[in-house]
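To start, the structure itself, in structure tokens.
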Amino acid sequence: MSSRSFWSIAAVFTAVACTGEPTPTTDTAADTAAKDTGAPPVLSPSDLANGSENIALVPSIVETQRAMEAAGITTQLAVLIGEKPYDLNNDNKDNVAVRSGVIIANLLLTVKDSKKEQLQDQLTKIRAGMSTLEGGSDIDAMLADIEDRVKGDSVTRDDLLKEFDQLSGAVIPELEFNGQKRIVPLIQAGSWLQGANLVAKAVKKEGKPEAADSMLKQPAVVDYFIQYVKNEGSEKAPAAITEKLAESLTTLKGLAEKKEPFTNEDIDLVIKTTDDVLALL
Amino acid sequence: MISTLLALAFVGAASADELEAETCLRAKVWDGYAEGWGIRTMTTSALQNGQTKNYLVTLYKGNEYQIRTCADANVKNLDVYLYDLNGNVVKRDETTDREPWFGYTPTDTGTYYVVLHARELVAATTPAGVAMAVTYK
């Protein structure tokens with residue numbers, strides 16, 4: 001991924017971080033810039049779609065939790081995560097990618113309050129997943145560093161949350177995974193699917209199915225996942241998880257396009273559909 | 001260590017110009033964390049004079065968003081817009097500079113395009129490095 005040394009970069013930026021002083025920004029210059037009266041470019045829907053990038057498309061699970069709270073759902077997603085042993089012997093990369101996405105989502109939701117052993121277990125699994133997926137030496141070094149700091153109790157849980165928020169939003173989507181283009185979408189699909197499952201369980205618990213409308217009606221996101229799961233980069237026979245994922249995403253797309261507010265039956269279908277995929281991981 | 005992660009996010013930047021843009025944006029995102037802003041994504045690109053770059057983005061009802069950008073010194077005026085799927089401009093920056101940004105709070109969950117436009121470069125024949133981040137709280 002890079003010819004620059006992770007550790008040289010780490011040294012520079014750790015030094016900055018350790019000062020405790022915010023890095024100066026140039027907002028002042030922007031705020032005082034001359035008013036721009038130029039007309040915006042005229043872009044048709046096809047102009048916009050052609051060549052657009054999807055790197056910013058999928059919301060993070062922390063962002064989803066915040067939107068859920070804004071929708072009046074007070075249940076914390078973290079308390080709805082079930083105990084589940086993952087099949088770490090399954091090295092099919094599709095499976096590993098989706099599973100890694102789920103574990104990253106779980107870590108993000110639980111990191112502030114989880115037991116140290118649980119956190120270390122999640123970190124070990126994510127690091128193993130990134131290694132299997134050929135994420136490269138830089139991210140491996142970064143995860144090793146985090147493991148060391150967790151082991152030595154030298155990082156706060158608030159800082160860990162920020163670090164993993166960035167890991168899922170800004171680091172992993174930029175990794176090349178040795179040219180395997182479907183890996184990033186599958187990791188994102190795992191996190192998104194876990195989020196959909198937990199949101200559905202939260203609104204069901206509170207008896208407010210319509211509150212899920214603003215979190216689960218994202219047809220463009222589902223389309224993006226379907227594109228990769230069904231088509232791009234399928235070099236070998238689909239794994240069971242990929243087939244079930246495609247089936248589940250097709251069901252979720254139908255629900256995402258629904259004009260009327262979600263009903264209890266819709267929410268039950270989201271839970272069953274996502275549970276079916278998550279059970280295979 | 002947080003800024004280390006941001007550095008790692010961009011170690012694949014293709015050119016020195018993109019590195020300049022990402023360094024500027026990284027500082028802004030870093031400051032934003034202190035004010036409760038989380039990060040959806042951060043990315044870099046190279047633009048020719050007058051060229052646009054589009055990013056599909058989902059925004060949640062109930063959350064606040066900021067679209068932050070930085071460009072290298074070859075940019076005289078970078079513009080950033082939010083378009084809906086029908087090609088209508090929903091929000092835009094209104095400054096003539098190379099670090100435009102704006103905030104947006106959607107009234108409904110929806111899909112939009114963030115569009116970067118290299119409206120005017122200093123050296124028109126040399127591509128410029130630009131960086132874009134979507135942050136939320």
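Structural remarks
- The set of residues in the range B:86-114 being more than 7 Å from chain A (Cβ to nearest Cβ) and within 21 Å of A:Ser46 (Cβ to Cβ) consists of B:Asn88, B:Val90, B:Gly110, B:Tyr112.
- Residue list for the range B:85-126, filter: in a loop (DSSP other than H, G, I, E, B) and in contact with a helix residue (DSSP H, G or I) (Cβ under 9 Å, 6 or more places away or on another chain): B:Leu85, B:Asn86, B:Gly87, B:Asp93, B:Asp97, B:Arg98, B:Glu99, B:Pro100, B:Asp108, B:Thr109, B:Thr126
- Once the range A:168-190 is narrowed to residues that are more than 20 Å from A:Ala220 (Cβ to Cβ) and assigned to a loop (DSSP other than H, G, I, E, B), the residue that is farthest from the other protein chains (Cβ to nearest Cβ) is A:Gln180.
- The condition (being at the interface with another protein chain (Cβ under 7 Å from one of its Cβ atoms) and either surrounded by fewer than 20 Cβ atoms within 10 Å (Cβ to Cβ) or over 18 Å from the mean Cα position of the chain (by Cα) (or both)) is satisfied by just one residue among A:Asp153, A:Asp140, A:Asp159, A:Asp165: A:Asp159.
- The sole residue among B:Leu59, B:Leu121, B:Leu47 that is among the aliphatic types (A, V, I, L, M) and within 11 Å of chain A (Cβ to nearest Cβ) is B:Leu59.
- Lone qualifier among A:Val102, A:Val96 - being farther than 20 Å from A:Ala196 by Cβ, within 16 Å of the chain's Cα centre (by Cα) and at pLDDT 90 or above: A:Val96
- Scanning the range B:68-87 for residues that are within 13 Å of B:Val130 (Cα to Cα) and buried (at least 19 other Cβ atoms within 10 Å of the Cβ) turns up B:Arg68, B:Thr69, B:Cys70, B:Ala71, B:Asp72, B:Asn74, B:Val75, B:Asn77, B:Leu78, B:Asp79, B:Val80.
- Flag for A:Asp138 being part of a helix (DSSP H, G or I) and free of Cβ contacts under 8 Å to residues at least 24 places away in the same chain: no
- Of all residues in the range B:48-68, those satisfying the criterion of being of a type outside the set (D, E, K, R) and more than 21 Å from A:Val42 (Cα to Cα) are B:Thr58, B:Leu59, B:Tyr60, B:Gly62, B:Asn63, B:Tyr65, B:Gln66.
- Scanning the range A:39-63 for residues that are at the interface with chain B (Cβ under 7 Å from one of its Cβ atoms), farther than 17 Å from B:Met132 by Cβ and in contact (Cβ under 8 Å) with a residue 24 or more places away in the chain yields a single hit, A:Val62.
The values are calculated or read from the model by the stated rules, or taken from the named source; none is laboratory data. Predicted model, so just to flag it, every value in this text is computed and none were measured. All Cβ positions, even for glycine, are placed from backbone atoms using ideal geometry, and neighbour counts span all protein chains on display.
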